[in-house]
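Have a look at the structure below before the remarks.
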Amino acid sequence: MRKWIGLLGFLGLALGQVAPEMVAQALPRTIRIGGELFQWEGLPRYEVVLSNTFPAKPVGHKGYFSVAYDRENLYLLGVFEQKAETVRANNPADHNEWWTDDTMEVFLRLDPKKPEYLHLAANPKGTRFKAYTFTTEYRTSGRIEKDRWILEWAIPFASLKVDPPKPGTIFGLKVGREHQAVSEYPLWPVGGDYHSPTNFGYLVFVERLEDPKALAQRVSAYLGEEPPIQSRLEGLTTYAVYYGTDPAEAAKLVNFDLAIVQPNLPKAALLELKRAGVKVVAYLSVGEAEPERVSVPKDWILGQNPNWGSYYVDARKPGWQDLVLSQAKDYLAQGFDGLFLDTLDTADLFPETAPGLVALVKRLREAFPQAILVQNRGFRVLPETARYVDAVMYENLSSMYDFKAGRYVPVDNDPSPVLPFAKRGLVVLALDYALPEDQGLIERAYVRARELGFIPYVSVIRLDRVFLHNP
């Protein structure tokens with residue numbers, strides 16, 4: 001048994017069951033935020049102590065939240081240990097990198113069966129941040145004390161665009177706390193990546209306090225079980241990524257079951273790989289426009305990727321979707337077996353593009369029902385796109401290239417965004433980066449991926465060489 005199984009059972013990912021520790025209760029009470037804390041007495045406290053790493057571990061500074069509601073508002077209280085002199089709360093509401101402050105972040109999924117969620121963030125002074133959040137149409141009251149800071153929220157249901165919940169209503173919920181001075185970023189209920197779509201807990205609106213185990217069983221029954229995913233890559237054991245055009249390097253790809261390449265791979269190399277039985281898929285950018293390949297109207301562009309010079313595109317534009325479909329048709333006509341769908345992470349920076357990206361992946365599947373589709377990351381949209389693709393790649397799972405420092409570094413990124421889909425049958429590829437002589441970094445990436453049941457490959461950041469290492 002892999003060492004992750006015990007933790008997966010707690011997460012409710014392995015058996016589809018929700019653990020009691022993943023359920024919070026909201027009780028009826030009207031709170032006057034900024035008043036005395038005795039207003040919150042008697043409400044359950046939920047600890048925010050598990051780190052954003054994987055596996056999650058308790059952090060050194062404790063904190064908790066409580067929840068109440070009335071017909072007008074959802075009320076939240078956050079209380080977090082921290083020396084007053086270390087608190088960072090200087091950013092204005094319109095700061096583009098507000099997470100450099102200490103913050104409390106709230107993630108709400110108004111329909112826990114759907115992937116869309118709302119994100120709210122405020123600092124210890126009660127400053128409500130605008131960038132990358134859903135709304136600031138709510139009230140907060142923050143105060144910094146000697147050994148802790150306290151933040152109260154009154155979020156109108158009208159600002160969430162939802163009717164006042166009735167007893168028995170269930171929301172998805174995550175609550176995070178950032179302590180910048182000591183680099184602690186715990187997240188309730190189970191820790192892990194803040195923006196993972198799969199590590200949500202559940203908020204149940206009740207009339208009176210209920211037994212957590214019975215409540216967890218009710219939530220599990222409400223959620224039901226997801227159907228299995230049928231993958232055209234079932235049984236895959238090896239893969240490689242090569243973005244060069246050197247026939248000698250490309251020839252090494254015969255050692256793998258699947259090859260991900262650029263569409264300008266020489267025709268002779270493509271034919272040789274197909275004769276050897278290798279499945280070959282072509283790179284296709286679905287969330288960014290590459291200037292050397294396509295030209296798009298300015299009103300489609302949302303910004304520029306500083307690492308690669310490409311442009312973030314609004315995938316909701318029908319013209320962009322048509323352009324991507326046309327590229328896909330051309331690549332498949334050249335003899336490629338499928339498509340590698342990159343840059344879906346545009347939805348992380350521009351959440352409003354998520355519906356367009358989902359629609360685009362769906363259109364690709366409908367237009368090319370036999371093609372292999374491999375999605376790179378795009379964890380924000382994966383809950384909706386998983387049914388259309390055959391594999392998802394987790395790039396930078398265990399090592400990455402630090403563009404600012406100009407070197408390769410180990411990381412411990414949270415695999416939870418893909419684990420529920422792996423359990424349902426979706427193939428997961430792990431792509432990490434290291435220099436060929438850094439065997440320690442390479443071996444670590446292979447071991448970690450295999451322990452999780454993923455298929456590993458490690459290369460240099462330019463992906464212009466094929467490595468046959470197999471630790």
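The values are calculated or read from the model by the stated rules, or taken from the named source; none is laboratory data. Everything numeric here is computed off the predicted structure, so don't read it as measured data. Quick reminder, even Gly has a Cβ in these numbers, built from the backbone with ideal geometry, and neighbours come from all protein chains shown. Heavy atoms of the whole protein, side chains included, go into the accessibility calculation; ligands, DNA and RNA do not. Shrake-Rupley method; radii C 1.70, N 1.55, O 1.52, S 1.80 Å.
Quick look at the values:
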{"item": "Tally of residues being open to solvent by 60 Å² or more (accessible area, probe 1.4 Å) and among the acidic types (Asp, Glu) across segment 272-305", "result": "3"}
{"item": "Pairs with Cβ under 8 Å, 6+ apart, first in segment 327-343 and more than 17 Å from Leu273 (Cα to Cα), second of a type in the set (Val, Ile, Thr) and modelled with pLDDT under 95", "result": "Gln327/Val294"}
{"item": "Residue match in segment 381-399 (condition: surrounded by fewer than 24 Cβ atoms within 10 Å (Cβ to Cβ), over 21 Å from the mean Cα position of the chain (by Cα), at pLDDT 95 or above and over 27 Å from Lys57 (Cα atoms))", "result": "no"}
{"item": "Members of segment 177-210 found to be charged (D, E, K, R) and within 14 Å of the chain's Cα centre (by Cα), listed by number", "result": "Asp193"}
{"item": "Of all residues making up segment 412-429, the number that are open to solvent by 20 Å² or more (accessible area, probe 1.4 Å) and under 21 Å from Asn52 (Cβ atoms)", "result": "4"}
{"item": "Filter result (under 19 Å from Ile33 (Cα atoms) and either of a type in the set (Gly, Ala, Ser) or surrounded by fewer than 17 Cβ atoms within 10 Å (Cβ to Cβ) (or both)) within segment 119-134", "result": "Ala121, Ala122, Gly126"}
{"item": "Enumeration of residues in segment 174-201 that are surrounded by fewer than 24 Cβ atoms within 10 Å (Cβ to Cβ) and touching a helix residue (DSSP H, G or I) at 6+ places or on another chain (Cβ under 6 Å)", "result": "Ala181, Pro197, Thr198"}
{"item": "Sole residue being small (Gly, Ala, Ser), open to solvent by 20 Å² or more (accessible area, probe 1.4 Å) and without any contact (Cβ under 8 Å) to a residue 24 or more places away in the chain, chosen from Gly34, Gly42", "result": "Gly42"}
{"item": "Residue match in segment 417-424 (condition: under 30 Å from Lys317 (Cα atoms), assigned to a helix (DSSP H, G or I) and either of a type in the set (S, T, N, Q) or in contact with a strand residue (DSSP E or B) (Cβ under 9 Å, 6 or more places away or on another chain) (or both))", "result": "yes"}
{"item": "Residue that is open to solvent by less than 30 Å² (accessible area, probe 1.4 Å) and in a loop (DSSP other than H, G, I, E, B), where the choices are Leu435, Leu463", "result": "Leu463"}
{"item": "Filtered residues of segment 276-331 (kept if in contact with a Pro (Cβ under 9 Å, 6 or more places away or on another chain), within 21 Å of Ala354 (Cα to Cα), among the hydroxyl-bearing types (Ser, Thr, Tyr) and not in a strand (DSSP E or B))", "result": "Ser310"}
{"item": "Looking only at segment 82-109, and only at residues there that are open to solvent by 50 Å² or more (accessible area, probe 1.4 Å) and assigned to a loop (DSSP other than H, G, I, E, B), the one that is nearest to Trp149 (Cα to Cα)", "result": "Lys83"}
{"item": "Selected residue (only one of Ala445, Ala430 is in a strand (DSSP E or B) and either small (Gly, Ala, Ser) or at pLDDT below 95 (or both))", "result": "Ala430"}
